[in-house]
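To start, the structure under review is shown below, and the notes come after it.
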Amino acid sequence: MQLTTTRQGFAPTTITEAIQFSEMLASSQMVPKQYQGKPQDIMVCVQWGMELGLAPLQALQNIAVINGKPSVYGDAAMALVQASPLCEGVEEFIEGEGTQNPVAVCVAHRKGRKPVRSTFSVEDAKRAGLWGKQGPWQAYPKRMLAMRARGFALRDAFPDVLKGLITAEEAQDYPAEDKPRQAPRNPLDALAPPAPALPVSEVVVMEQAMAYTVDPEPVEVAETVAVEQQITDAVTVAEREPGQDDEEVGLAPAGFALMVPGKTAPFSTHASIEEWADAYETLADKTAKAAKVPARDRMTKLRELKEANESLLKRVDVVWRAKHLAGYQQRLRALGAAQ
């Protein structure tokens with residue numbers, strides 16, 4: 001293999017030379033560990049260096065691949081910019097030292113253009129979750145603030161010189177792309193995991209097979225006897241024939257009875273259907289949250305609760321029924337996920 005010799009050292013001039021050169025460097029212990037044993041990465045790095053104006057070994061020392069993306073260290077970025085004939089100077093300083101929110105400032109001057117001024121403060125670092133982060137942010141916080149301000153200013157003022165590369169100090173703070181990212185979710189989704197939509201027939205089968213768990217509050221014997229006097233049978237107003245009144249269908253003037261599975265006496269009675277509906281939802285919610293009862297049993301009991309009150313459920317207004325159905329399906333999903 002023949003390599004072109006320049007004042008800056010050896011440099012491959014053909015693809016064959018580049019391959020052999022990369023293989024030699026990959027077997028060396030003098031290159032950074034991230035390139036050892038990886039001739040393909042070395043070849044790409046050297047190519048990046050040539051486009052930036054870095055000699056091969058300079059490229060290996062100053063170009064880092066972080067989270068799958070090439071980046072250049074902040075000092076190398078500064079060197080490339082200052083070596084460019086387009087650069088008229090770069091200023092860096094800290095404002096507000098000794099305060100709770102010092103600000104790193106970088107001003108990049110390019111010929112024929114207005115200076116580009118970038119800042120990065122402690123508050124910016126806190127919002128980005130960087131302040132106090134283990135590593136350089138704990139050991140060299142002011143240095144890291146300066147590197148962020150530098151990276152922004154140099155990229156904005158000299159994108160052609162840096163070829164779009166970001167600083168390595170910035171790249172290492174980005175999350176790895178191979179880690180799955182959780183899509184933003186509506187906070188209400190935390191109440192129950194989303195479930196795929198089911199055909200109407202399957203929803204009916206699910207409602208019949210699964211339901212809420214009833215964990216009724218204890219009812220005193222005296223109260224049970226009193227309520228039993230009010231309800232003489234299971235016939236409700238919803239089942240009356242035209243012209244029948246409350247007494248003919250066996251519904252006592254006390255009102256609407258909330259039934260629970262396995263009980264002949266109502267759990268409670270209410271003067272209006274609206275009050276009954278609110279009491280039903282409260283009881284269903286307690287049933288679904290009965291932590292001491294297995295999820296499958298709660299689903300069964302909820303179905304029984306629904307069946308026990310089916311006739312009155314048909315009497316509530318359309319808006320309440322829609323809300324009830326939504327709550328019912330949400331509880332089913334939550335209990336299904338808890339199994």
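Amide H contacts under 5 Å for Thr269: Leu258, restricted to partners 5 or more places along the chain or on a different chain, H placed in the peptide plane at 1.01 Å from N. Can you list the residues, at least 5 places off or on another chain, whose amide H is less than 5 Å from the amide H of Ile166, using H built in the peptide plane? Here Val72 satisfy the definition.
Counting pairwise Cα distances across region 46-118, what percent come out greater than 19 angstrom? It would help to have the intermediate numbers written out before the result.
On the way: 1317 of 2628 pairs.
Across region 46-118, Cα pairs with separations above 19 Å total 50 percent.
Arranged from highest to lowest average of other beta-carbon atoms within 10 Å per residue, in what order do the peptides 70-76, 90-96 appear? Show your work: numbers first, answer last.
Numbers: 70-76: 21.0, 90-96: 14.1.
Descending mean neighbour count gives 70-76, 90-96.
Separation of region 47-112 from region 277-332 is 63 Å, based on Cα centroids. Counting every other Cβ atom within 10 Å of each residue's Cβ, Asp278, Asp160, Asp124 order from fewest to most as Asp160, Asp278, Asp124.
Among Arg296, Arg155, which comes first, second and so on when ranked by fewest other beta-carbon atoms within 10 Å?
Arg296, Arg155
Computed packing ranks the peptides 36-44, 58-66, 312-320 as 58-66, 36-44, 312-320, most packed first, by mean other Cβ atoms within 10 Å.
Around Val65, with a cut-off of 11 angstrom between Cβ atoms, what is the net charge of the other residues, counting Lys and Arg +1 and Asp and Glu -1?
Working: positive: Lys38, Lys69; negative: Asp41.
Within the 11 Å Cβ shell, the charges total +1.
Ordered by the number of other Cβ atoms lying within 10 Å of each residue's own Cβ, fewest first, Glu17, Glu170, Glu310 fall into the sequence Glu310, Glu17, Glu170. Here the Karplus relation 6.51 cos²θ - 1.76 cosθ + 1.60, evaluated at θ = phi - 60°, turns the backbone of region 169-175 into coupling constants of 4, 6, 4, 6, 8, 7, x Hz, with x for every Gly and Pro.
Normalised by residue count, region 103-180 yields a Cα convex hull volume of 102 Å³ per residue.
Rule-based calculations on the coordinates, nothing more; no lab input. Since we're looking at a predicted model, the values are computed, not measured. Don't worry about glycine lacking a Cβ; one is built from the backbone with ideal geometry, like all the others, and counts go over all protein chains shown.
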